[in-house]
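The values are calculated or read from the model by the stated rules, or taken from the named source; none is laboratory data. Source: prediction; values computed, not measured. Cβ placement follows ideal geometry from the backbone for every residue including glycine, while neighbour counts extend to all protein chains displayed. All accessible areas refer to the heavy atoms of the entire protein, side chains included, with ligands and DNA or RNA removed. Shrake-Rupley method; radii C 1.70, N 1.55, O 1.52, S 1.80 Å.
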Amino acid sequence: MSRIGVFVCHCGLNIAKTVRVSELAEFAGTLPDVVVAADYKFMCSTPGQELIQNDIKKYNLDRVIVAACSPLMHEKTFRKVIANAGLNQYLLSIVNVREQDAWVTDSEDEATAKAKALINGAVYRARLLQPLTARFIDVNSDVMVVGGGITGIQAALELAETGKKVYLVERNSTIGGHMAQFDKTFPTLDCSACILTPKMDAVLQNPRIELMTYCEVEEVKGFVGNFDVKIRQKARYVDHSKCNACLACTEKCPGRGTSEWDEGLVKRKAIYIPFPQAVPQKPVIDRNACTYFKKGKCRLCEKACGQSAIAFDQEDTFREIKVGAVIVATGYDLMDTKPLVQYGYGKYPGVYHALEIERLFNSAGPTGGKVVMRDGREPQSIAILHCIGSRDKNHCEYCSRVCCMYSLKFAHLLKEKTHGDVYQLYIDMRAPGKGYEEFYNRLVEEDVKFIRGKAARVTDKTDNPDFAGKLVVEVDDTLTGRFATIPVDMVVLSPAMKPRTDAKEMARLFNLSTDKYGFFMEKHPKLAPLSTMTEGVFIAGACQGPKDIPDSVAQGTGAAAEALTIVVKDRLELEAATAIVNPASCCGCQSCVRVCPYGAPVFNREKNVSEINEALCKGCGLCAASCPASAIFTRHFTNDQVMAEMEGLMEF
Amino acid sequence: MSTALTPYLEMSQAIAEAGGEAFRKCYQCGTCTGTCPWSPVTEFSIRKLIRLSQFGYDGIEDLMWGCTTCKFCVDRCPRGVEIIDLVKSIRNMYAGGGLLPTSLRSFVGSLASRGNPWSGDVEKRNDWGKGKYPLFAEGMDYLYWTCCTVCYDPRNVLVAKASAEILNRSGLSWGLPGTDAQCCGESVKKVGDFDLFERIKGNNLGLFKAGGARKILTISPHCLATFKQEYGGDAEVVHFSELLDDLIRSGKIQPKKDRGGLKVTYHDPCYLGRHSGIYDAPRDILKALPGVELVEMDRIREQSMCCGGGGGGLWMERAKGERLSDLRVEEALATGATVLATSCPYCIAMLEDSVRTLNADDRIQVKDLTELVYESLEG
């Protein structure tokens, strides 16, 4: 004989609007073995939790059923509630009457009837629930941060500050990310380098951060607390343990590659550091641009190097690193605007995209910070075109969030550096951050011309002799309702921020889900924005969605704290509801190995049976359901328990 | 009297129910109007029409007849607003209330009484062929669906003849529809007379079925798009340019005559290009003609400029300076081409008209692709 308590949650009106909650509680009270049933507005709140705990004591309950939201939401909450009242936490059953009931019908009768059936099933199952004991695993106290932009740098520094060892993995030959390309940052117009480069240096100097540039994640094994990450160190053809960063090699190099850092606006050497403040300061050789690699002779860099650091025979190497948690901060790509032929990028030399303009402003950029165009002229009039690819169903449906603000920054810098006329062609000005609206106001006062309308076309064809030699931007000036043609020297496109082109590959490596655009998915948009469905792997910055620097830094800090909650522990409690194989019945077919999404079943070739790695098992039951020999059962979801629940359901 | 606008949400609701509900998605960015071919020459604003529709505001009737349904705005709209559907449903609402402009009444009236928009005698539909070409019979490869315009419009009759002669040399078996064929109904649907469109469609679908047509060949891209997107029959529908491209590639017709460096530019009809996605076949045909040099205008393919003849525009009068076809002919002249080729009877009519009114007859000729190919055949 069990003593079961049933607690029905209204969830405000989320459940109570469709399910007749008091009728449901009354019904539950009539079921065999149910000694108490109650309903309450918010069962997860303090009074709700106290109600359950008081009833456990008052009625001496040995099983608890909570009819509320999805167990994904609050199973852990209610497990703690009953554990604190002295019950084993696994003597709880959650009945989902919100997502799977109240939210899928408008009919009160249907919803209430289904809720009754679900509760009846839960009562049947609850009678058979067994107390389970949690197990513990040791936790590796190191953390890996993937991506060395401002987000990853922030996360790494914060973690190192707590005394933890951090591996910072960056695919480029320097850290810094997009922020290192900027000259100024909005809305304060802080010098980007002045606030970023000290942090880059702090990473380099911090003994607890192991900086791994020119590296990529190759393979990820393991689980929360015990990840095993294989890293590919790409061949630099320069032995950094010997290199003293004198850069004599780069002076002698005759090879020419395209400067990624300057967005292709200029050439760089084949042996190079991307920019003078790069971290580390040691060069790499671009194989595709190197005369020796292309033609078999040259080796001028080798002759110039006093340290014998040039190593043409270097190959990629691999390294296994064990960490307890991982932060993915891999950033974004700027949308390629060439396919939007109407804007003429790639066709008219006077058309630039946002990152190119950032480089023109930058004193370390290709023009030394002067705004001069590809033809050497200083533009006297500039149009900045918002929402290029953003908020557009044909490209990226979302708002890229930062473009309005950086377009304002561009307008300010263009005014300052060229004294030209600057037009902003916008759909809606979005300036919701701290100090952002004020920045917008400032730019209005700086006499930037705001035109409400999305640019339709950029052309150099015009009948108007006054427009000769100009680019003409065509737009519906929606506030006057008139078609406008605006002659300018320079057009700046503010394109959408997109997921990295290889984001899918990164998602596969870390078992992350992606949203419909390809950005990494957070576990919960409000309550777990940095967590993912893979325990121990966190995301931060623009890899989760478009973000500006303040938000990215905040997320980097937050992700560091999240990672710390894992690696600060010596041991981690494992879910006890895991699968177990009865080796006597196992036929060795390996169905379980194939169906498991977590890689938990491992086939033991010596014994010819499958075994479950309980640290990886999430207790989903796929293996048990697919086992033809019924050799696997899942604790907390045993065959008996599931069959009993079905029987209870079928009574209705 | 107050000059303030007042929302008339019943009107807005009625437009939505007539098929224009996509206006709800519009965020008034102006991409449509910035893209619209009218914008440089008239004050017609499709964005404003959408705005007025969202609230049922007064003034819809002043703007509703401007759109040529060229589809440029629809392709560019960042919100996926089906602007042509909105235009059709607004016109349907108002035309139902008797607000059809005078210039459109004769064309709609002719369609209703004779099944063609040109007030042509029903029994004279196939007179252009002088009995030289077969009628379609079951088992033939193609039902060659001649557009009303190539049957009745004297300029376009030349296109009908050239195309029929090409077919006769192709080795294919083909036939014309009987005189009971009617207009495809594309224009009448775009001016909002949905009932008449349904009647015409029923008639033509009946003909396809009774005749056992498996493949329908159209000379007009308007017939092509309508059969493919609105009729829903099971026959395969191909445009003449697609077939012509195949015939040349397979050597079934061999254009051999050297045109001696004839400069030709090609105008993409909206209904062949943006509505049907056919851009390459016409160009491949021109490139296959000996001694023909294809020179392109600035606005081509997906960005092609409209001739102004769609959406009922063919029957509406426009003041000089407000004719899209004039702008297009000027653009063609600027390329140095002496032939402006296209592949749509409406475009032919519009462009031909502009060449005459611009007194450019001695500098440029408007030709259908079929005419150019026919001229390149020997003998």
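Numbers below:
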read-out	value
Qualifying residue in segment B:72-79 (condition: touching a Leu at 6+ places or on another chain (Cβ under 9 Å) and either in a helix (DSSP H, G or I) or touching a residue at least 12 places away in the same chain (Cβ under 8 Å) (or both))	no
In segment A:333-351, the residues that are open to solvent by less than 30 Å² (accessible area, probe 1.4 Å) and within 23 Å of residue A:398 (Cβ to Cβ)	A:335, A:337, A:340, A:342, A:343
Single match in A:370, A:347 (criterion: within 14 Å of chain B (Cβ to nearest Cβ), basic (Lys, Arg) and either over 23 Å from residue B:30 (Cα atoms) or more than 34 Å from the chain's Cα centre (by Cα) (or both))	A:347
Residue A:384 under 21 Å from residue B:73 (Cα atoms), assigned to a strand (DSSP E or B) and among the aliphatic types (A, V, I, L, M)	no
Residue ranges of strands (runs of 3 or more DSSP E) in segment A:51-161 with at least 3 members without any contact (Cβ under 8 Å) to a residue 40 or more places away in the chain	A:92-96
From the options B:53, B:45, residue that is within 21 Å of residue A:480 (Cα to Cα) and within 14 Å of chain A (Cβ to nearest Cβ)	B:45
Selection from segment A:474-496 of residues that are in a strand (DSSP E or B) and more than 9 Å from chain B (Cβ to nearest Cβ)	A:486, A:487, A:488, A:490, A:491, A:492, A:493, A:494, A:495
Odd one out for residue B:178, checked against (1) open to solvent by 20 Å² or more (accessible area, probe 1.4 Å); (2) touching a helix residue (DSSP H, G or I) at 6+ places or on another chain (Cβ under 6 Å); (3) assigned to a loop (DSSP other than H, G, I, E, B)	(2)
Scope segment A:221-250; condition at pLDDT 95 or above and either aromatic (Phe, Trp, Tyr) or under 30 Å from residue A:352 (Cα atoms) (or both); matching residues	A:227, A:237, A:250
Residue in segment A:534-546 that is at pLDDT below 95, away from chain B (no Cβ under 14 Å), over 24 Å from residue A:394 (Cβ atoms) and within 15 Å of the chain's Cα centre (by Cα) present	yes
Scope segment B:282-301; condition open to solvent by 20 Å² or more (accessible area, probe 1.4 Å), of a type outside the set (Val, Ile, Thr) and modelled with pLDDT of 95 or more; matching residues	B:284, B:287, B:288, B:290, B:291, B:293, B:294, B:296, B:301
Among the candidates B:129, B:109, B:34, residue that is away from every other protein chain (no Cβ under 14 Å) and open to solvent by less than 20 Å² (accessible area, probe 1.4 Å)	B:129
Condition check for residue A:402: within 14 Å of another protein chain (Cβ to nearest Cβ) and β-branched (Val, Ile, Thr)	no
Unique match (being open to solvent by less than 20 Å² (accessible area, probe 1.4 Å) and at pLDDT 95 or above) among A:195, A:94, A:153	A:153
Segment A:20-34 residues that are over 12 Å from residue A:108 (Cα atoms), paired with ones that are among the acidic types (Asp, Glu) (beta carbon under 6 Å, 6 or more apart)	A:22/A:39; A:25/A:39
Residue check, residue B:27 open to solvent by 10 Å² or more (accessible area, probe 1.4 Å) and either away from chain A (no Cβ under 11 Å) or within 18 Å of residue B:316 (Cα to Cα) (or both)	no
Residue A:4 being crowded, with 22+ Cβ neighbours inside 10 Å and at pLDDT 95 or above	yes
From A:444, A:402, residue being free of Cβ contacts under 8 Å to residues at least 24 places away in the same chain and hydrophobic (A, V, I, L, M, F, W, C)	A:444
Segment A:117-143: number of residues that are open to solvent by less than 10 Å² (accessible area, probe 1.4 Å) and closer than 15 Å to residue A:206 by Cα	1
Cross-chain or 6+ apart pairs with Cβ under 8 Å, segment A:237-257 first and part of a strand (DSSP E or B), then open to solvent by 80 Å² or more (accessible area, probe 1.4 Å) and not acidic (Asp, Glu)	A:256/A:267; A:257/A:267; A:257/A:288
Subset of segment A:467-510 that is polar (S, T, N, Q) and farther than 30 Å from residue A:541 by Cα - its residue that is surrounded by the fewest Cβ atoms within 10 Å (Cβ to Cβ)	A:480
Checklist (1) facing chain A (nearest Cβ under 9 Å); (2) crowded, with 20+ Cβ neighbours inside 10 Å; (3) assigned to a loop (DSSP other than H, G, I, E, B) applied to residue B:40, failing item	(2)
Some residue of segment A:179-192 being closer than 30 Å to residue A:226 by Cα and either at pLDDT 95 or above or open to solvent by less than 10 Å² (accessible area, probe 1.4 Å) (or both)	no
Scan of segment A:424-459 for residues that are open to solvent by 10 Å² or more (accessible area, probe 1.4 Å), touching a strand residue (DSSP E or B) at 6+ places or on another chain (Cβ under 6 Å) and either within 14 Å of another protein chain (Cβ to nearest Cβ) or in a helix (DSSP H, G or I) (or both), ordered by number	A:426, A:450, A:451, A:457
Conditions (1) farther than 30 Å from residue B:164 by Cα; (2) hydrophobic (A, V, I, L, M, F, W, C); (3) open to solvent by 20 Å² or more (accessible area, probe 1.4 Å): number failed by residue B:86	(3)
Qualifying positions in segment A:69-90 - crowded, with 23+ Cβ neighbours inside 10 Å and more than 13 Å from residue A:52 (Cα to Cα)	A:69
One residue from B:279, B:231 being touching an Asp or Glu at 6+ places or on another chain (Cβ under 7 Å), outside the structural domain of residue B:36 (by TED's automatic domain parsing) and either open to solvent by less than 40 Å² (accessible area, probe 1.4 Å) or without any contact (Cβ under 8 Å) to a residue 12 or more places away in the chain (or both)	B:279
Filtered residues of segment B:138-149 (kept if within 12 Å of residue B:181 (Cβ to Cβ) and in a helix (DSSP H, G or I))	B:148
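The rows are residues; the columns are (1) under 25 Å from residue A:535 (Cα atoms); (2) buried (at least 17 other Cβ atoms within 10 Å of the Cβ).
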site: A:582; (1), (2): no, no
site: A:597; (1), (2): yes, no
site: A:609; (1), (2): no, yes
site: A:613; (1), (2): yes, no
site: A:627; (1), (2): no, yes
site: A:645; (1), (2): no, yes
